[in-house]
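Below you'll find the structure, written out as structure tokens, and then a few comments.
The values are calculated or read from the model by the stated rules, or taken from the named source; none is laboratory data. All values derive from a computational prediction rather than experimental measurement. Using ideal geometry, Cβ is built from the backbone for each residue, glycine included, and neighbour counts are taken over all protein chains shown. Surface accessibility is based on the protein's heavy atoms, side chains included, excluding ligands, DNA and RNA. Shrake-Rupley method; radii C 1.70, N 1.55, O 1.52, S 1.80 Å.
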Amino acid sequence: MKTIISLPLLLASLSHAGSQTITGNPEVSLSSDCYIPWARVDNCLVGTEGYCTCNLNQPSGRVLWVRSDGSLANQQYTDSSSKLIVTSSSKINNETFTCVWESALGKQNAQTFNVLYPKGPTTMSLRALGVRETFDLCLAKSNSITVVCEVPKDAVYPKPWFHFTVNGTRPVYDWYSGDLVNGVYRYNQTIKVERGGDLSVYCWPGNSCTRSVSFIEKTLKITVREPPSNYPEITIDGKTYTGIDSSAVNVQEGTRLTVSCKVSGGMPAVKEVTLTCGAQQKKSSSGGLATLSFNASRKSLTRPLCSCRASHVTGCYDKQTFVRLNVPA
């Protein structure tokens, strides 16, 4: 028959023992089926109850589970064993239960059983150092972003582990242990940025006790802006020129000439393309293409160069293309 042991019963038992001394050592053992659900680190109790049974093998008597303050724990007693019942607690972080052996000879502490009551993380932050909504990928600048995922110490117990992805892809290591800095658990991750586009940085800190005690997550969106990698393309009579072309394009006097320039690539596309042929002919376009049409003459081409350049929102696109036009006399 199972009975619940109360504190008055324990006190009454101890009073009967009086000042008698214990002779011999009791043999007490904890059951091998002590169960703490979801435990990964020590004895982490998560979501439901756990239990552990203390058995008294010899001499005769009984065992009781006692908290560190001396009060009786929740338990079920039968014969010479007692089953500790542990339920979740939001008021404390950890607790030690002691199995106390008692008989007519007195009482003595025996085995102990430690339980962690994890909490959180209940809040977190995710930010990129020196970056707000956009990041400019320019050859003359650093191509890396450092992101910081943080959890306040009072928002989690025990410490958190950090799960981290970039654009849905896991990095080399799946879980990271953060450092405690000024009362905040912090993990820094440096991301190498290789191309323009949308960057989605995701952090999920989990409790190190189970890594999934409390689900909280954040995603940081960053737009990576990248200038075009190619030179502007100037097209004259169906032929395309890029960079500095040393050869000249021969054009007859009075010929109607159409010259276009295109700048492709980049994230986003270039803001403005400027095409100039000679001293008087100039065309700017807000798209990626600029076109000029004019009658070629030695007078109109006193500076016989066609040049094309473009401006990009990053401010670091400086490639230009030049083509020399030759109008024979």
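For the range 218-329, give the percent of accessible area contributed by carbon and sulfur heavy atoms, probe 1.4 Å, rounded to a whole number.
C and S atoms contribute 44 percent here.
Could you provide, to the nearest whole Å², the per residue accessible area of the chain with probe 1.4 Å?
Ligands and nucleic acids excluded, the result is 55 Å² per residue.
For the range 200-329, what is the percent of antiparallel DSSP beta bridges, rounded to the nearest 5? The partial results should precede the final answer.
Values: 35 of 39 bridges.
Once the DSSP bridges in the range 200-329 are tallied, antiparallel ones form about 90 percent.
Based on the mean of other Cβ atoms within 10 Å per residue, sort peptides 236-245, 219-228 so the most packed one is first.
219-228, 236-245
Once you put a point 7 Å from the Cα of ASP198 and another 7 Å from the Cα of ASN74, both along the Cβ direction, what distance in nm separates them?
If labels sit at ASP198 and ASN74, their model points lie 4.8 nm apart.
Can you list the lysines whose alpha carbon is less than 23 Å from that of LYS107, not counting same-chain residues fewer than 8 positions off?
Answer for LYS107, where 23 Å is the Cα cut-off: LYS2, LYS83, listed by chain and number.
Take each of the peptides 145-153, 250-258, 64-72, average the number of other beta-carbon atoms within 10 Å over its residues, and list them starting from the highest.
Taking the mean over residues of other Cβ atoms within 10 Å, the ranking is 145-153, 64-72, 250-258.
On a 23 Å Cα-Cα criterion, which of the cross-link pairs LYS119/LYS218; LYS153/LYS218; LYS192/LYS221 come out too long?
On the way: LYS119/LYS218 18 Å; LYS153/LYS218 18 Å; LYS192/LYS221 15 Å.
Long pairs (Cα-Cα over 23 Å): none in the table.
To make sure I understand the rule: partners must be lysines, Cα under 29 Å from the Cα of LYS239, and not fewer than 8 residues away in the same chain. Which ones qualify?
LYS262, LYS271, LYS282, LYS283, LYS299, LYS319
Would you tally the net charge around SER125, using a Cβ to Cβ cut-off of less than 11 Å, leaving SER125 out, and scoring K and R as +1, D and E as -1?
With Lys, Arg at +1 and Asp, Glu at -1, the net is +2.
How far, in nm, would the chain grow between LYS141 and SER90 when pulled straight, counting 0.36 nm per residue and subtracting the alpha carbon separation?
13.5 nm
Need the full-extension length gain, ARG298 to SER32, defined as separation in residues times 0.36 nm minus the C-alpha distance. One decimal, nm.
85.7 nm
Mind checking the full-extension length gain between ASP237 and CYS316? Use 0.36 nm per residue of separation minus the Cα-Cα distance, one decimal, nm.
Full extension from ASP237 to CYS316 adds 25.4 nm.
Please report the antiparallel percentage of the DSSP beta bridges confined to the chain, to the nearest 5.
90
Please state the shape class of the chain: rounded when a/c is under 1.5, otherwise prolate if a/b exceeds b/c and oblate if not, all from the C-alpha gyration tensor.
Prolate.
On the full set of protein chains, 1.4 Å probe, figure out the accessible area of TYR231 and give it in Å² to the nearest 10.
110
Using a Gaussian network model of the chain with C-alpha springs under 10 Å, which one of PRO158, PRO205, PRO304 is most mobile by mean-square fluctuation?
Per the Cα network of the chain with a 10 Å cutoff, PRO304 tops the list.
Please give the helix 7-17 orientation as an angle from the longest Cα principal axis of the chain, in degrees from 0 to 90, rounded to the nearest 10.
Value to nearest ten degrees: 40.
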